[in-house]
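Engineer: Can you keep this structure in mind? I'll have questions shortly.
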Amino acid sequence: MTGPATAQRPYVLLSCATSIDGYIDDATEERLLLSNDADLDRVDAVRADCDAILVGAGTVRRDDPRLLVRCDRRRADRVARGLPESPTRVTLTGCGDLDPTARFFTVGDTDRIVYCASEALEKTRHRLGDLATVVDAGDPIDLSRALTDLADRGVRRLLVEGGAVVHGQFLAAGLADELHLVVAPFFVGDRRAPRFVGEGRFPWHPGRRAQVMEARQIGDVVLTRYALSERCQPA
């Protein structure tokens, strides 16, 4: 289950929470809460153990996430190890339509990197100024190129938190080492809502199954941890 150029890219961990029927949100304007406090604390621990967190530009626009380590103890532990309190924040954009006042750019003292399609590079640099490092990632965006650049910047472990398009791109390209999939105990049942990845050709199929490394209940949700490459080791 080896992805392309695994030695030249960070370890890539995908994290997602869905409803029983596979939706990551509903069709309302308010964000759907799929996880619980105990699982959110687990995710915070995963964040604290990573060098960078990546989300797509759509997630930055829609959810306005902070992408910071929340626990004081975990932040202090990172600082004691010579690291910033929270991992580097990373996003991908094809058009450069990013709001410089978003919390991604304004909250927390962390590095911010934007991987941008070539045709929108100058627009994005002008729009964001010194709020982020804007990097040419090809046209269309080449994930392998972005991952190689992250590795060159010292990122050894990358957490990808979505959204659905970004998760699907990493999975279809075989660029994921591990998947944490949390299932909430309810249905959404609305095809207007986004789902965890859409149609596509993925390296894992009925003839080539992903390996389940762990499955456990966390309160009222269930976490399943899948190994997607030989770099993923049991907990």
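The values are calculated or read from the model by the stated rules, or taken from the named source; none is laboratory data. In this text, all values refer to a predicted model and were calculated from it rather than measured experimentally. So basically every Cβ, Gly included, is an ideal-geometry build from the backbone, and we count neighbours across all protein chains shown. When the accessible area is computed, the model is the full protein with side chains, heavy atoms only, and any ligands, DNA or RNA have been set aside. Shrake-Rupley method; radii C 1.70, N 1.55, O 1.52, S 1.80 Å.
Engineer: With a/c under 1.5 counting as rounded, go ahead and sort the stretch 132-188 into rounded, prolate or oblate using the C-alpha gyration tensor (a ≥ b ≥ c being the square roots of the eigenvalues; past the cut-off, prolate if a/b is larger than b/c, else oblate).
Structural biologist: On the way: a/c = 2.31, a/b = 1.88, b/c = 1.23.
Taking the square roots of the gyration eigenvalues as a ≥ b ≥ c, the stretch 132-188 is prolate.
Engineer: Sticking with this structure for a sec: Students sometimes get this wrong: rank 205, 126, 167 by accessible area, probe 1.4 Å, all chains present, largest first. Write down the numbers at each step before the final one.
Structural biologist: Numbers: 205 90, 126 160, 167 5 Å².
Listed by decreasing accessible area, they come as 126, 205, 167.
Engineer: Let me ask you something else. I want the antiparallel fraction of DSSP beta bridges within the chain, as a percent rounded to 5. Provide the component values of the computation, followed by the final result.
Structural biologist: Numbers: 15 of 42 bridges.
Just about 35 percent of them are antiparallel.
Engineer: Sticking with this one: Take residue 61 and residue 133, extend 7 Å from each Cα along the Cα→Cβ direction, and tell me the distance between the two endpoints in nm.
Structural biologist: According to this spin-label approximation, the distance is 2.6 nm.
Engineer: Where a ≥ b ≥ c are the square roots of the eigenvalues of the C-alpha gyration tensor, would you call the stretch 1-110 rounded, which needs a/c under 1.5, or, failing that, prolate if a/b is larger than b/c, or oblate?
Structural biologist: rounded
Engineer: Next question. Below 8 Å, C-alpha to C-alpha, sequence gap of six or more: please give me the relative contact order for the stretch 1-150 in percent. Before the final figure, lay out each step's value.
Structural biologist: On the way: 209 pairs, mean separation 29.5, N = 150.
Averaging sequence separation for qualifying contacts and normalising by length gives 20 percent for the stretch 1-150.
Engineer: Among 112, 70, 81, which one moves the most in a GNM of the chain with springs linking Cα atoms closer than 10 Å?
Structural biologist: Fluctuation is largest for 81.
Engineer: Equivalent-ellipsoid semi-axes (√(5λ), Cα gyration tensor) for the chain, whole Å, largest first?
Structural biologist: Working: eigenvalues 130, 84, 81 Å².
For the chain, the ellipsoid semi-axes come out as 25, 21, 20 Å.
Engineer: So for the stretch 83-162, averaging the separation of alpha carbon pairs under 8 Å that are six or more residues apart and normalising by length, what relative contact order in percent results? Kindly include the intermediate steps, with their values, before the conclusion.
Structural biologist: Values: 107 pairs, mean separation 22.0, N = 80.
Taking the mean separation of contacting Cα pairs over the length of the stretch 83-162, I get 28 percent.
Engineer: Now for a separate question. With the other protein chains left in place, how much accessible area per residue, in square angstrom, belongs to the stretch 117-235 at a 1.4 angstrom probe? Present the calculation step by step, with values, prior to reporting the outcome.
Structural biologist: On the way: 6690 Å² over 119 residues.
Heavy-atom SASA per residue in the stretch 117-235 reads 56 Å².
Engineer: Sticking with this structure for a sec: Hey, any idea what Rg/Rh is for the stretch 152-235, computing Rh the Kirkwood way over Cα pairs?
Structural biologist: Numbers: Rg = 14.2 Å, Rh = 14.6 Å.
In the stretch 152-235, Rg relative to Rh is 0.98.
Engineer: Quick one: pull the percent of accessible area on the stretch 44-149 belonging to carbon and sulfur, 1.4 Å probe, ligands and nucleic acids left out.
Structural biologist: Details: 2230 of 4910 Å².
Its accessible area is 45 percent carbon and sulfur atoms.
Engineer: Using only the Cα atoms of the stretch 55-98, build the gyration tensor, take square roots of its eigenvalues as a ≥ b ≥ c, and label the shape rounded, prolate or oblate: rounded if a/c is under 1.5, else prolate if a/b is larger than b/c, else oblate.
Structural biologist: It comes out prolate by the Cα gyration axes.
Engineer: Just the accessible area per residue of the stretch 42-81, please: how many Å² with a 1.4 Å probe?
Structural biologist: Working: 1830 Å² over 40 residues.
On a per-residue basis, the stretch 42-81 sits at 46 Å².
Engineer: Measuring from a point 7 Å past the Cα of residue 99 along Cα-to-C-beta, which residues in the stretch 156-197 have an amide N at less than 18 Å?
Structural biologist: 163
Engineer: Once both labels are modelled 7 Å past Cα along the beta-carbon direction, what's the residue 191-residue 214 spacing in nm?
Structural biologist: 3.7 nm
Engineer: What full-extension length gain, to one decimal in nm, is calculated for residue 199 and residue 109 as 0.36 nm per residue of separation minus the Cα-Cα distance?
Structural biologist: Values: separation 90, 0.36 × 90 = 32.40 nm, distance 3.75 nm.
Gain in length upon complete extension: 28.6 nm.
Engineer: Kindly provide the helix-only [θ] at 222 nm of the chain, computed as the sum of -39,500 (n - 2.57) over DSSP H runs of four or more divided by all residues, to the nearest 500 deg cm²/dmol? The partial results should precede the final answer.
Structural biologist: Values: 7 runs with 59 residues, N = 235.
That calculation yields -7000 deg cm²/dmol at 222 nm.
Engineer: If the elastic network links every pair of Cα atoms under 10 Å, which of 40, 121, 150 fluctuates the most in the Gaussian network model of the chain?
Structural biologist: Highest fluctuation of the listed residues: 40.
Engineer: Residue 28 to residue 157: extension gain in nm, 0.36 nm per residue of separation minus the Cα-Cα distance?
Structural biologist: Details: separation 129, 0.36 × 129 = 46.44 nm, distance 3.34 nm.
Residue separation times 0.36 nm, minus the Cα-Cα distance, leaves 43.1 nm.
Engineer: Where the Cα atoms of the stretch 187-235 are projected onto their three principal axes, how long is each span, largest first, in whole Å?
Structural biologist: That gives 36, 33, 16 Å along the principal axes, largest extent first.
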